[in-house]
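To start, the structure itself, in structure tokens.
The values are calculated or read from the model by the stated rules, or taken from the named source; none is laboratory data. Just so you know, these numbers come straight off a predicted model, no measurement behind them. Virtual Cβ from ideal backbone geometry, glycine too; neighbours counted across all protein chains shown. With ligands, DNA and RNA removed, areas are computed over all heavy atoms of the protein, side chains included. Shrake-Rupley method; radii C 1.70, N 1.55, O 1.52, S 1.80 Å.
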Amino acid sequence: MRPLLSVQGVSKRYGAHIGCADVSFDLYPGEVMGIVGESGSGKSTLLNCMAGHIAPDAGKVIFDTRADGPKDTVTMSEAQRRMLSRTDWAFVHQHARDGLRMGVSAGGNVGERLMAVGERHYGDIRGKATDWLERVEIDATRVDDRPTTFSGGMQQRLQIARNLVTGPRLVFMDEPTGGLDVSVQARLLDLLRGLVRDMGLSAIIVTHDLAVVRLLADRLMVMKSGRVVEAGLTDQVLDDPQHAYSQLLVSSVLQV
Amino acid sequence: MTEYNFAYLDEQTKRMIRRAILKGLAIPGYQVPFASREMPMPYGWGTGGVQVSAALLTPDDTFKVIDQGADDTTNAVSIRSFFERTAGVATTTATSEASVIQTRHRIPEDALTENQILVYQVPIPEPLRFLEPRESETRKMHSLEEYGLMHVKLYEDISRHGHIATSYAYPVKVEGRYVMDPSPIPKFDNPKLGNMAAIQLFGAGREQRIYALPPYTQVVSLDFEDHPFEASKADHPCGLCDATDSYLDEVIIDDQGGRMFVCSDTDYCTARQAAGHKGKDAA
């Protein structure tokens, strides 16, 4: 089987400071990879490098495109990369406000990606938008309401609907449950787990919440100071951490 | 006349503007940046259009200015007299006699010819501006042809009003490439933009942009398959000349709710009245 995404030696420096250094891994179709680590460990830098938001200083990010097979997204043209990011990729921001258009109705938010890839039938777009709102458990009657009138959890679910409507194959998530209260988090995780399984999505989830990766991720990478210090199956890493930092991380979680 | 160079601007400035115009004509619908000058009138009064006109005018030209279709409103009168004083060119109110027509918010009802140039005054040249405030981002969207956002605006219109409620400055796509703001003309005028015999130039002074449509360019108004574009106008005949095919202004005539509809194109209306057409409100 060919990996969907193959990251090879990705490094990013901010002047003398290291963002992330020499990160390599393969992600296979249908697999969910978790990246954990403390604040400033380079998780988000790595995610942004992979999603094409920032250009890495070195390394390759090879994505298995539908049309042309594996291609390096770092060296491909910006037009191609942006095309990928609105068709085959999805990016869920920590703050829903970063990923939504707050002045546009929920239906318009979900429909934007459809219209961006050339859909021109209002009825169809609206139908799909309504369908997706229901799939993320937002009442279909709210299709014309603006996200400003939504609660935090609803905004986050709307952001997910907006990203998944074009049927992407790879989802990048940056702390998808950050800033939500625990019961809302649980519902969102449940929803995400269902969507990932139903659609056969591959996902890369950056988080500092070990519960999130325990529930969602098949594999786990632990980062510290820009480097991957430990990688393996999620349960293996969490139940039997080898590296000192992983042990610290796992033991820091409060057992209730 | 001796105090000014011909048509107010100095020759180097006019050259610079002509270069921008030529580039605009070579890439229909593309917004060409230019070094807009301070003009002796406030922004919003047509400083972009005036600069384009100044760069185009020759002593043999006949100049016409339209403001919302009319030749006799403040903006039209002041710009016309500006060029009478600084260029000494002949001016006219008759569409067919003019070689350069500067317009604000209308396209004349009479079809223009290959010997004419239509200059539009543009307040905001960027059709994506109210959807995406970052100039760096809108430029990227134009260069990569990412126009999905334009349809989001139309989608919002339909979801809120049940139909596309945008009635002026209706976005168009030029030759299947650039999405363009046609300036705040009513969407009734949109079909006239395409396949026009005259050259169309758009000048935005404050925003420092010039763009253009060469003659016989394909211009398509954006729409949805199930909500097609419609060129709408008030459903009345003109009160003065009885025309049914021209764009109408609604004029309130008393405080009892009385109103009349008259052609917004005054030249078209007076020519029809002179030819004997009479509407129900004509004296």
Practice item. Would you compute, from DSSP H runs of 4+ residues alone, the mean residue ellipticity of chain B at 222 nm, taking -39500 (n - 2.57) per run and dividing by the full residue count, rounded to the nearest 500? Key: -8000 deg cm²/dmol
Practice item. At most 15 other Cβ atoms within 10 Å and a DSSP loop assignment: could you name the chymotrypsin sites (Phe, Trp or Tyr not before Pro) in segment B:14-77 that fit? Key: B:Y43
Check your understanding: What is the log10 of I(q)/I(0) for segment B:220-282, computed with the Debye formula using one identical point scatterer on each Cα and no solvent, at q = 0.12, 0.18, 0.30 Å⁻¹?
Key -> -0.39, -0.67, -1.23
Review point. Given B:V77, B:G48, B:A94, which one lies farthest toward the positive end of the charge dipole of segment B:10-164, if we put +1 on the Cβ of every Lys and Arg and -1 on the Cβ of every Asp and Glu?
Key: B:G48
Review point. Based on the alpha-carbon gyration tensor of segment A:101-161 and its eigenvalue square roots a ≥ b ≥ c, which shape applies: rounded if a/c is under 1.5, prolate if not and a/b is larger than b/c, or oblate?
Key: prolate
Review point. With +1 on each Lys and Arg Cβ and -1 on each Asp and Glu Cβ, how big is the dipole of the protein assembly as shown about its Cα centre, in debye rounded to the nearest 20?
Key: 1200
Revision key, fill the gap. With label points set 7 Å from each Cα along the Cα-to-Cβ direction at A:D139 and A:D22, the distance between them in nm comes to 5.6
Practice item. Using θ = phi - 60° and the Karplus relation 6.51 cos²θ - 1.76 cosθ + 1.60, list the HN-Hα couplings for segment A:73-87 in order, rounded to whole Hz, with x at every Gly or Pro. Key: 6, 6, 9, 5, 5, 4, 4, 5, 5, 5, 4, 4, 6, 10, 10
Review point. Where in segment A:61-88 does accessible area fall by at least 50 Å² between the isolated chain and the complete protein assembly, at a 1.4 Å probe radius?
Key: A:R82
Check your understanding: Check B:I66: other-chain or 5+ apart residues with amide H under 5 Å from its amide H, H built from backbone geometry?
Key -> B:Q102, B:T103, B:R104
Point to revise | Within segment B:80-114, backbone nitrogen closer than 11 Å to the virtual label 7 Å beyond the Cα of B:A197 toward Cβ | key: B:111-114
Point to revise | Hull-based mean projected area of the protein assembly as shown, where the convex hull spans the alpha carbons, in square nanometres | key: 31.8
Point to revise | Descending Cα extents along the principal axes, segment A:116-256, whole Å | key: 56, 31, 26
Exercise for review: Starting from the amide H of B:D226, placed 1.01 Å from N in the peptide plane, find each other amide H under 5 Å away whose residue is 5 or more places distant or on another chain.
Suggested key: A:Y122, A:G123
Study note, to complete from the structure: On the formula 1/(1 + (r/R0)^6), with r taken between the Cβ atoms of B:K140 and A:L248 and R0 of 51 Å, the FRET efficiency rounded to 0.05 is 0.75
Exercise for review: On each of the three principal axes of the Cα atoms of segment B:141-251, give max minus min coordinate, whole Å, ordered largest first.
Suggested key: 48, 36, 28
Review point. Dipole magnitude of chain B about its Cα centre, charges +1 at Lys/Arg Cβ and -1 at Asp/Glu Cβ only, in debye to the nearest 20?
Key: 820
Practice item. Assuming R0 = 30 Å, can you tell me the calculated FRET efficiency for the pair A:D98 and A:R2, based on Cβ-Cβ distance, to the nearest 0.05? Key: 0.40
Exercise for review: Quote the relative contact order of chain A in percent (integer), defining contacts as alpha-carbon pairs under 8 Å separated by 6+ residues.
Suggested key: 26
Check your understanding: Ordering B:S264, B:S99 from largest to smallest accessible area (1.4 angstrom probe), what's the sequence?
Key -> B:S99, B:S264
Check your understanding: From the phi of every residue in segment A:10-15, what ³J(HN,Hα) in whole Hz does the Karplus formula 6.51 cos²θ - 1.76 cosθ + 1.60 yield, where θ is phi - 60° and glycine or proline is x?
Key -> 6, 10, 9, 10, 10, x
Review point. In what sequence, largest accessible area first, do B:I101, A:I54 appear using a 1.4 Å probe?
Key: A:I54, B:I101
Review point. For A:G19, which sequence-distant residues (separation of 5 or more, or a different chain) have an amide H within less than 5 Å of its own amide H, given hydrogens modelled in the peptide plane?
Key: A:K12, A:R13, A:Y14
**Study point:** Accessible-area order (highest first, 1.4 angstrom probe) of the listed residues A:K43, B:K140, A:K60, B:K278
**Key:** B:K278, A:K60, B:K140, A:K43
**Study point:** Residue-averaged [θ]222 nm for chain A, counting only DSSP H segments that reach four residues, each worth -39500 (n - 2.57)
**Key:** -11000 deg cm²/dmol
Review point. For B:D249 and B:E97, FRET efficiency with R0 = 22 Å and r from the beta-carbon atoms, rounded to 0.05?
Key: 0.40
Revision key, fill the gap. Square roots of five times the C-alpha gyration tensor eigenvalues of segment B:168-232, ordered largest first and given in whole Å, equal 20, 14, 11
Review point. Which percent of the accessible area of chain B is formed by carbon and sulfur heavy atoms (probe 1.4 angstrom)?
Key: 50
Review point. Relative to the Cα centre, what is the charge dipole magnitude of segment A:147-249, using +1 at the beta carbon of each Lys and Arg, -1 at the beta carbon of each Asp and Glu, and rounding to the nearest 20 debye?
Key: 340
Study note, to complete from the structure: Checking segment B:208-283 for chymotrypsin sites (Phe, Trp or Tyr not before Pro) in a loop per DSSP with at most 16 other beta-carbon atoms within 10 Å yields B:Y216
Point to revise | Pairs from B:K14/B:K140; A:K71/B:K140; A:K60/B:K140; A:K12/A:K60; B:K14/B:K64 whose Cα-Cα separation, in the structure shown, is over 18 Å | key: B:K14/B:K140; A:K71/B:K140; A:K60/B:K140; B:K14/B:K64
Review point. Chains A and B: how much accessible area gets covered up at their contact, both sides added, probe 1.4 Å, in Å² to the nearest hundred?
Key: 1800
Point to revise | Extreme residue, positive dipole direction of segment A:47-104, given options A:V92, A:P56, A:M102 (C-beta unit charges) | key: A:M102
Practice item. Go from 0 up to the bin containing the longest alpha carbon distance in chain B, width 10 Å each, and give me the % of pairs per bin. Key: 7, 28, 34, 23, 9, 1
Practice item. Starting at the first residue of segment B:91-108, write each ³J(HN,Hα) from the Karplus equation 6.51 cos²θ - 1.76 cosθ + 1.60 with θ = phi - 60°, in whole Hz, x for Gly and Pro. Key: 10, 8, 10, 7, 4, 5, 8, 7, 9, 10, 10, 9, 10, 10, 6, 8, 10, x
